[in-house]
Structures are given as structure tokens and as C-alpha cells.
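Let me begin by presenting the structure, written as C-alpha cells, before commenting on it.
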Amino acid sequence: MKLIKSLFIFIITILALGISNSYAAINFSVSPIKYDNIVLDPGDSITKTATLRNNGTGSVTIYTGKSDFEAKGNSGVPRFVRYSELVHPDQQISTWITIDTPQFIINPGEEKTINFQIDVPEDATPGGHYGAVFFKNPNSETSSGSGNIGINIDYGVLLLVNVTGEVISTGSVGTIVVNGGGGVKKMDDCPFGDLTRSRFDRKCIDNPFEDNHIGNENGDPELNENNDGDNEAVEDNNNGDNEGLENNESGTNNDNLNNENLENNENGTNNENLTNKDLEENNNGNNEEIGKDEEEFKIGFKIPFKNEGNTHIKLKGNIVLTDENGKQIKGVGKETIKNEYGAVIGEKVVDYIPINDSDSKVLPGTKRIFQCEWKGFPYEDRDKNGKIIMKNWNPSEYYTNMNTKKRKFLMFWERILEREQNKKINADINISYINEKGEEVKFNSAKEFYINYNEEYIGLNPYVLIPMGLLLFLIFMWSLVLMLKKRKCRKCKKKIKKDMKVCPYCGTNQNENTLLKSKKNKKSK
């Protein structure tokens with residue numbers, strides 16, 4: 001019995017260790033994340049490298065593989081497929097790639113550099129060819145938050161190759177759509193103005209002489225939409241379906257790519273450590289309807305672009321905002337700062353809203369909808385650990401700060417007041433790309449929309465001015481009454497009451513007879 005019990009404990013321990021190892025955290029980084037500027041002639045060969053670093057705590061066996069990819073939907077997310085599944089077979093590249101290391105073991109903290117070669121056939125089709133070299137641990141599994149086993153983690157390098165010849169680089173911009181809203185509180189029209197408006201939720205107080213319970217502090221959002229021009233619906237596919245191809249259980253002929261991370265790579269995250277969770281969060285974020293969050297100010301721009309050539313195009317541009325007076329609104333956007341490998345290393349505040357800040361490409365024969373947002377006025381802040389982070393002021397916060405920041409204190413007749421603003425904003429949209437001749441092709445468009453927000457400003461204090469005005473009015477009326485009740489002495493010319501018969505200053509008799517005599521004497525003289 002004791003032997004059976006000991007054997008049972010030994011088996012349970014071995015199983016626990018095995019489960020612990022299979023769920024061990026796997027953390028890799030790959031550089032570069034993509035090669036997107038390779039130009040080759042038919043018959044040429046080129047060798048490239050990819051460096052994989054194990055940032056985890058255990059040794060892992062890695063298998064290498066290759067795949068073609070094509071754009072999926074209007075979001076531009078890469079879809080990794082077999083050569084036989086390509087919609088445009090003339091864009092394939094996987095059969096040109098040779099990897100010198102089919103598999104290897106990488107220890108904790110170790111870096112491995114893998115060489116791969118691209119051999120272009122003599123009869124290669126001119127234009128763009130798209131694929132990837134990936135690294136895979138087929139035995140690795142991650143546990144989701146609910147305790148379920150997740151999918152395998154893959155890392156890779158995207159390849160965008162141009163073959164010389166009759167290369168055509170041309171495209172067209174579709175109808176641009178502007179969606180606005182979020183972060184707006186509607187102000188009640190109080191019968192007594194701000195004197196009976198709650199300073200907590202800006203709602204009217206029905207009876208200012210009774211205690212009132214504060215209602216919803218957030219208020220009701222009022223969304224404004226102004227989609228000028230043609231309201232043609234622009235198809236928006238940002239679901240970013242992350243279904244990968246079938247996993248090769250043998251781990252040797254990995255021509256199929258479990259594509260969560262490489263999709264995220266081209267979708268603009270530029271993160272060297274790509275995980276399935278990152279892509280899921282990114283795609284979910286793109287699918288949120290603009291203006292849903294009533295506390296978040298957000299103006300969305302959807303810019304459709306169709307690539308009508310045979311090579312990939314990098315669209316660049318910006319959106320410049322001006323107010324109704326034609327003055328440019330500055331500090332409205334933030335732009336990523338990238339290193340030489342294309343990885344994001346920071347952000348900076350700019351006076352425009354960048355278009356395609358991730359530098360992603362539009363593949364030939366596809367349509368891409370570029371989405372960018374105006375989330376207010378970005379500024380640098382620090383988190384609890386002292387790290388610099390970017391936050392946004394909404395228009396209410398920004399214009400309130402502009403109206404009050406120059407005043408360190410208020411005079412007794414001044415007060416911070418609030419008003420509702422409905423402001424028209426003009427958006428100048430500038431887009432361009434470089435064609436096959438090296439020439440810049442430009443597109444320009446203009447849209448207008450309205451933003452509705454509340455701002456605080458320094459105004460006159462009614463609680464001081466009204467009592468002071470009333471007091472001055474009473475003093476004036478009293479003085480007027482006194483002046484009407486007085487007359488001047490005929491001799492010393494001092495003011496006396498009308499009913500006085502003798503001047504209290506000089507003693508002169510002021511009766512009617514004396515007055516009449518004095519008048520007659522003046523006439524005779």
C-alpha cells in the first residue's frame with residue numbers, strides 16, 4: 001500500500017512539472033519586424049537576416065517556416081495563406097525563400113541570427129510580392145484568463161519585395177467620411193441663469209431654497225455628426241479576424257503561419273514582442289464605434305484608398321484643423337517616433353493629425369480604409385512610476401485652461417463661469433504617395449464638422465455686482481429726493497429746505513413777501 005501511495009505521488013509530481021513547463025511564459029523579440037523596401041531584378045538573389053531573442057526563463061525549440069500573405073478586407077491586416085490559396089498568385093514569394101536553419105534551440109537570454117535567401121526567378125512577374133519568414137514553437141501553449149488553453153505563439157518578419165520591370169504605382173481616394181461626438185454635456189436653460197444652476201452637474205435647481213440631491217454627474221452626451229458631401233457608405237472591415245492557417249503538428253514543414261502576431265505587425269503596432277493578445281486588443285479597438293464613450297471626445301476620419309497598380313503603395317498625409325475664423329488649431333495630434341528598425345520608441349505632439357502613422361502599405365488590387373482620430377489636445381504626463389505617457393485634453397479642458405491659465409487670482413468682481421460652445425471646424429485633408437517615377441502624387445480634400453462643448457471663462461461675479469448695483473441705485477434715488485426737497489438761500493446761496501422761512505446759516509427771512517420784494521427791487525434797479 002505504501003509503495004502504491006509513493007508511486008501515485010511521484011506520478012502526480014511529474015504531471016505537475018510537465019503542465020508547469022508547457023504553460024511556461026514564452027517571451028521573444030524579433031528584429032527587424034519587416035523588410036519593406038527590397039527591390040530586385042529577375043534572376044537576382046539576396047540574403048537577409050532575422051534575429052530572435054529569448055526573453056523568457058526556459059530553453060525552447062524553435063521551428064522556422066515561410067508563407068505568402070495578402071491583404072484581408074479593408075483594414076489591411078495581412079492574411080497568411082498557401083500559394084494555392086492566393087487571390088493574386090502572381091504576388092507569391094514563398095517558393096523563392098530558402099531558410100538555412102529549419103529548427104534550433106534558444107536558451108534564456110540568448111540571441112539567434114537566422115539567415116534566409118530570396119532567389120528571384122528569371123520569369124518573375126514585375127511588381128510587388130509578399131510573404132513572411134516566421135518562427136514557431138509548436139509545443140508552446142498559453143493559458144487565457146479563464147483557464148482555457150490558448151493557441152501557439154508565432155513571431156516573424158514580413159517581406160515586401162518589388163521586382164523590376166513594368167511597375168505601375170497608381171491609386172485613387174474615395175469618399176472621405178467624418179464622424180464626430182463624445183464628451184459633450186448638454187446645459188439646461190435655467191430661468192434664473194447661472195444663479196440657479198448646480199455647480200456639480202450644471203443642471204437647473206428647481207427650488208434653490210431646498211436641499212437638492214445631485215443627479216447623474218456625467219450628464220447626457222450630445223453627439224454631433226456632419227458628413228458633408230456624398231453619404232455613400234464606406235465599407236469598414238476592422239474586425240481583423242485572427243484565424244490562422246492549420247497548424248503543422250509535426251513542426252517540420254511549417255509553411256502555414258498561425259498569423260496573429262504578423263497581422264498585428266503590418267497593422268501598425270510596430271511592436272517587437274508580438275502576442276496574440278496584442279492583435280486582439282488592437283482589432284477590438286478599431287471596431288469601436290466613434291463617439292460611443294460619452295466621456296471621451298473623439299472625431300473619426302475614414303479615408304478609403306484603392307491601389308490600382310501592381311506594387312504596394314505607402315500613403316502618407318495629414319489633417320490640418322482650422323476654426324471658423326481660419327486660424328489653425330495647433331497641438332491636435334500625436335505622431336509616433338520610430339527607430340531605424342521601424343519599432344515605435346515614443347510619441348511627439350504635432351499641429352496636425354497624421355494619416356497612416358504606422359507606415360503600412362496598400363497591396364496592389366486592394367482597397368484600404370485608413371482611420372485616424374482627433375481625440376483632443378495631447379500633452380505629456382507621468383504615471384505613478386514616473387514614466388512619461390501621453391494624455392489628451394478634451395476641448396472643454398483645453399479651452400478652459402486657455403481662458404484661465406494667465407490669471408493667478410481673481411478680482412472680487414470676477415468669477416469663473418461656464419458656457420456652451422458650438423464651434424465649426426474645417427478639416428484640410430492632404431494625402432500623397434510616390435509613384436513608380438519617383439514623383440509625388442497629391443490628393444486634397446476639405447470637410448467641416450461641429451464640436452459642442454462646455455468651457456469655463458472669467459466673467460463678472462453676479463453675487464457681488466448685483467448687490468453693489470442695487471446699493472448704488474438706492475443711493476442715487478435718495479440723493480435725487482433730497483435735491484428736490486431743497487432750495488438755495490437768497491442771500492448766502494446755501495441749500496436749505498423748501499419749508500424753511502429763515503435761513504439757518506445767515507438768518508435771512510425767507511418768507512414769500514420778502515422774496516417778492518427782493519424780486520421787485522431787482523427789477524427796479
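If we only count strands (runs of 3 or more DSSP E) wholly inside the stretch 61-165, which ones have 1 or more residues that are surrounded by 15 or more Cβ atoms within 10 Å (Cβ to Cβ), among the small types (Gly, Ala, Ser) and at pLDDT below 90?
Numbers: elements: 77-81, 97-99, 103-106, 111-119, 127-136, 154-163.
The strands (runs of 3 or more DSSP E) meeting that bar are 154-163.
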Filter the stretch 348-384 for residues that are of a type in the set (Phe, Trp, Tyr) and either surrounded by fewer than 19 Cβ atoms within 10 Å (Cβ to Cβ) or under 30 Å from ALA50 (Cα atoms) (or both); which is modelled with the highest pLDDT?
PHE370
Criterion first (assigned to a strand (DSSP E or B) and at pLDDT below 90) does ILE345 satisfy it?
yes
May I ask you to list pairs of residues, at least six apart or on different chains, whose Cβ atoms are under 6 Å apart, with the first in the stretch 71-100 being of a type outside the set (Gly, Ala, Ser) and the second being exposed (fewer than 14 other Cβ atoms within 10 Å of the Cβ) and assigned to a strand (DSSP E or B)?
THR98/GLN117; ASP100/ASN115
Are any residues in the stretch 324-347 surrounded by 16 or more Cβ atoms within 10 Å (Cβ to Cβ) and not small (Gly, Ala, Ser), and if so, which ones?
ILE329, VAL332, LYS334, GLU335, THR336, VAL344, GLU347
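The values are calculated or read from the model by the stated rules, or taken from the named source; none is laboratory data. This is a predicted model, so every value here is computed, not measured. Cβ coordinates were reconstructed from backbone atoms using ideal geometry, including for glycine residues, and neighbour counts include every protein chain displayed.
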